[in-house]
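Contents: one structure, followed by commentary.
What follows is calculated from the coordinates using simple rules that are stated; it is not laboratory data. Just so it is clear, the structure is predicted and the values come from calculations on it, not from any experiment. Backbone-built Cβ (ideal geometry, glycine too); neighbour counts: all protein chains shown.
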Amino acid sequence: SGLPFINPDEMLLQLAWLLLNSLISLVHARRRDPAFIARPRSRQLPFSRTAHRHALHQTRRRQLPSGVLMATLTQQPAVKNVYEMTMDGWNLWMKERGHPAYRAKQIWQHLYERRAGSFDAMTNLPKTMRDDLKASLTF
């Protein structure tokens, strides 16, 4: 009865889709509201066009460059849960740290076949690798 794998990117897309649908339904509900329909419409802006342009300029000046924003959105947390990693993720993790590729399969077997509850239970892995796992990942 392990937890299902949840891809963070899919979760963000589903959350964005849910928020968008909620916003659309709120807009439609407000348009059907008699109090909203009966309110008087004003053609005047709440403030002058010059003030509007100044506020827009100030907002644009404070925005981060698009690359910074994208890097912030795509950054992975420093400590990940072992069940969030795919097999490709394990292979990449091994390659980045200079461990043999077959160790990824051993960890996968410990997690999903033997149901290991800690890194210490993975006795066929070197102690240095288990310490590395403890430092960078959680259960």
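Per residue, the convex hull around the alpha carbon atoms of the range 86-138 comes to 75 Å³.
With the highest mean first, a sort of the peptides 106-116, 12-22 on other beta-carbon atoms found within 10 angstrom per residue produces 106-116, 12-22. Taking amide H as placed 1.01 Å from N in the peptide plane, the amide H of Lys80 sits under 5 Å from that of Thr138, each at least 5 places away or on another chain.
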